[in-house]
Each structure stands twice: as structure tokens, then as C-alpha cells.
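To start, the structure under review is shown below, and the notes come after it.
The values are calculated or read from the model by the stated rules, or taken from the named source; none is laboratory data. Source: prediction; values computed, not measured. Neighbour counts are summed over all protein chains in view; Cβ atoms, including those assigned to glycine, are modelled from backbone coordinates with ideal geometry.
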Amino acid sequence: MQAQPFNLEKDIVFFDIESTGLNIIQDRIVQIALIKYLKNGGEPQELSMLINPGIPISEEAYKVHNISNDDVRNKPTFQQVGQKIYDFIGNADLAGYNSDRFDVPMLIEEFHRIGINFEVSQRRLIDVQKIFYKMEPRTLKAAYKFYCDKDLQDAHDALADVKATVQVFKGQIEKYAHIDYVDGDGNVTPAPIQNNIKAIADFIKDEASIDMTQRLKLNAKSEIVFNFGKYSGRAVSEVFKIEPSYYHWMMDKDFSAQVKQIITKINNELNGK
């Protein structure tokens, strides 16, 4: 039996996706790979598959991951495999590389389209890129070379990338176990990168961030405010009071499912629902 490499309070799933493009709302997943580490130890579980996105793969995306429209033409759709992916993840925490800004929100959107509410508020999110960028700003290939002293082969193949991400995360835990973090103001956080998922998640979490697409954020008063457009910096509840139609406008536009869930909750509270 393989020794458990991480100190876990719950299962954690490392995952990576390749897609038709970079728009998390309009584009679709064409490949997903997941590796699940169990809190009770044992061999990690793997799930990897190609997915028919139902829309063309952009030329730019193809140049990155080399997955063609022909490669996915006869593969299952997300509608057909979504429940299997959802069940595989279960209530696990999530980890990946640049996952907070891309992989997680895109996965939320895919689940939303098939009627599954994929909740992340109760999951710890480990974006390995955030650790890397805070401690050693580079790319996954450079991270793999830096922490593992190896050259990354088959970059942009989802399973190869997620396996590399696991190795980079292990390397980060080993390298920074006794290193303090000093921010731009000189504030010191004693050795924040420990073999402790909760501690790492707390260290890299952006306290001001409310949604994965960063359309909403918390201000200094802990109010949820807009982070875009004509009402940028204004409290959502304040705007909905003076312009109720703005809520309906947002619900009709291409905002993420997560944003729509948040503003709906605020709107319902304002209207006593």
C-alpha cells in the first residue's frame, strides 16, 4: 500500500482540464483528468477521459493541447459523464494548477449546464500555482524543473500535467517546510507551507475574492461589491435597491453560475424571500 503523502482531514482531488478555448462560460471541456487522494490512505484513484464538447475546438486551443475535433467526435458528452465525475469528486477538497481562475470555474459551469449544483464554498481549494507564484513566480514546466529537478514531458496533456502538479506540490511542501513568507510590507508569516491542507489553503486564499471569475469581491467593510463596470466598488445590495433591473440584466448576461447564485441570494434577501 502506498504511503499517504499528504496530511489530510478529508479526501483531495487534483485535477486538470483541457478545453475548446479560454472563455469559462462559452467554452467547453474536451479532456479532464483527476487523481484522488484518500484521507485514510491507500492507492490514489485516477479518472481520465476525453469529452465531446459539442462545439468546435479553437485553433489556438488545439495548438496548446493537440486535441482535435476528430479526437473527440465519438467521445461522450459532459451530459453523459458529468454524474460520474461528480461522484468521483464527492465532497473532496480540490487542487490544481491555475485551478482557481480556470479549471474550477469551468467545471462549475459544465455541472450547471446539466443541472448539478457543484458547491465549492465548503471545499478547501489548493491552487498550486498560487504557492508557486508567491514563492517562486514561474510556469508549470519551470516549477517541475525547479522543485523536481526534471524536465516535464507531454506538457498540456491533462493527465501528464496533473501528475506533474502533484509532484510540484510535494516538492513545495518539502522545500518550504521551514521557510517564512515575507510580504511586500515586511509582514512575516512563519513557515506557512506545511504538510497541512487547511493551513496552505488559508495561506493562499484571497480573502477579498467572492467568486472564481472575480466579478464580485469584499470591500474593507466586508460588503459584497461589484468588481467591474459602471458600479465597480459599489455594494451589490445598494445597487439592487436603487436599480432593481440591474439584477435582471445580470441574470440575462454571460455571468458565471456562481455569480448568479450569489446575486440571487442578495436579491432574495432584499425582497424578503
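Brief remarks on what is shown
- Of residues in region 249-267 being over 18 Å from the mean Cα position of the chain (by Cα) and among the basic types (Lys, Arg), the one surrounded by the most Cβ atoms within 10 Å (Cβ to Cβ): Lys265
- Just one of the listed residues (Asp151, Asp185, Asp93, Asp180) is in contact with a Lys or Arg (Cβ under 7 Å, 6 or more places away or on another chain), farther than 23 Å from Gln45 by Cβ and either of a type in the set (Asp, Glu) or at pLDDT 95 or above (or both), namely Asp151.
- Residue, surrounded by the most Cβ atoms within 10 Å (Cβ to Cβ), within region 226-248, restricted to residues that are over 27 Å from Asp27 (Cβ atoms) and touching a Leu at 6+ places or on another chain (Cβ under 7 Å): Phe240
- Only one of Lys130, Lys134 that is more than 20 Å from Ile35 (Cβ to Cβ), among the charged types (D, E, K, R), modelled with pLDDT under 95 and not in a loop (DSSP other than H, G, I, E, B): Lys134
- Applying a threshold of 8 Å to beta carbon distances and a minimum spacing of six or more residues, or different chains, the list of pairs starting in region 158-185 at a residue that is in a loop (DSSP other than H, G, I, E, B) and ending at one that is small (Gly, Ala, Ser) reads Tyr176/Ala191; Ala177/Ala191; His178/Ala191; Ile179/Ala191; Asp180/Ala191.
- Ala191 in a loop (DSSP other than H, G, I, E, B), over 23 Å from Ile108 (Cβ atoms) and not polar (S, T, N, Q): yes
- One residue from Ile200, Ile210, Ile204, Ile193 being β-branched (Val, Ile, Thr) and over 20 Å from Val128 (Cβ atoms): Ile210
- Selection of region 137-157 for residues being in a loop (DSSP other than H, G, I, E, B) and on the phi < 0 side of the Ramachandran plot yields Pro137, Arg138, Thr139, Lys150, Asp151, Leu152, Gln153, Ala155, Asp157.
- Residue match in region 229-239 (condition: among the hydrophobic types (A, V, I, L, M, F, W, C), at pLDDT below 95 and either on the phi > 0 side of the Ramachandran plot or touching a strand residue (DSSP E or B) at 6+ places or on another chain (Cβ under 8 Å) (or both)): no
- Taking region 1-96 and the strands (runs of 3 or more DSSP E) fully enclosed by it, the elements with 1 or more residues that are more than 19 Å from the chain's Cα centre (by Cα) and surrounded by fewer than 16 Cβ atoms within 10 Å (Cβ to Cβ) are at 45-50.
- Pairs with Cβ under 7 Å, 6+ apart, first in region 57-84 and without any contact (Cβ under 8 Å) to a residue 60 or more places away in the chain, second in a helix (DSSP H, G or I): Ile57/Asn69; Ser68/Tyr62; Phe78/Glu110; Gly82/Glu110; Gly82/Phe111
- Any chance Ala142 is farther than 24 Å from Glu46 by Cα and either at pLDDT 95 or above or not assigned by TED's automatic domain parsing to the domain that holds Asn98 (or both): no
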